[in-house]
Amino acid sequence: MSEKTSLFSRLLGRENAPDPDGSEIVASPLDGESADITAVADKTFADKILGDGMAVIPTGDKLYAPVDGTVENLLDSRHALCILSAGGAELLIHVGRDTVTLNGRHFTAHVREGEQVRRGQLLLEFDREALLEEGFDLATPVVVSNSARFVMEKSAPGAVSPGGVLFRLLPKDE
C-alpha cells in the first residue's frame, strides 16, 4: 500500500496504525461538545489524578471505541471501561459523574472484557434522557491513565462526532 493511500485510509478512520512518527489518534467516542479534562466537575478527573485527557458532554446515547485495542476492564455497572490501545495507551472512559450508583441501570454493554475492538465500534449505549432526568452530570472523561508516557496534543474544545480527533499521543523518548 502506498504512503498516500495509507494516509487517506487513516483520515477516513479505516486504519488506526500509529503514524510513522509513532503517534496515535484518540477519537471522540461520542457526539457532543469536547472540553479539557480540567473543566469537569469531578475533581478526580479535573485534577488529573487518573491521568490527562479530554471530556465530552454527550448529545447522543451511544459510545464508540476511540481507538483499536483491547477492552481490559468493563465495570459491572457498565458506566465505565478501560481499553489498551494498539499504541500502548491505557484509556479510561467514564460516562457521567456518580453513575456507578445506578448499578448498570440505563446502560447496555455491547462488548466484553478481553474483546478486541476497532475504532468506531459500538461499545455502550445509555439512556441519556433518563440519566439527565435523574440529575446526572453526563460529562464523559476520556483519560490516558499512563499519560506520563506520552506527549498529548489536544484538539480545541468544541463540537465533536464519533471518530473526530480528541487528541493525538506521541510516545516520549525513554
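The values are calculated or read from the model by the stated rules, or taken from the named source; none is laboratory data. Values in this document were obtained by computation on a predicted structure and should not be read as measured data. Note that we place each Cβ from the backbone using ideal geometry, even for glycine, and neighbour counts take in every protein chain shown.
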The number of residues in region 79-105 that are surrounded by 20 or more Cβ atoms within 10 Å (Cβ to Cβ), more than 23 Å from residue 39 (Cβ to Cβ) and modelled with pLDDT under 95 is 1
Before we move on, is residue 92 in contact with a Cys (Cβ under 8 Å, 6 or more places away or on another chain) and either outside any loop (DSSP other than H, G, I, E, B) or touching a residue at least 24 places away in the same chain (Cβ under 8 Å) (or both)? yes
What number of residues within region 106-156 are assigned to a strand (DSSP E or B) and crowded, with 17+ Cβ neighbours inside 10 Å? 13
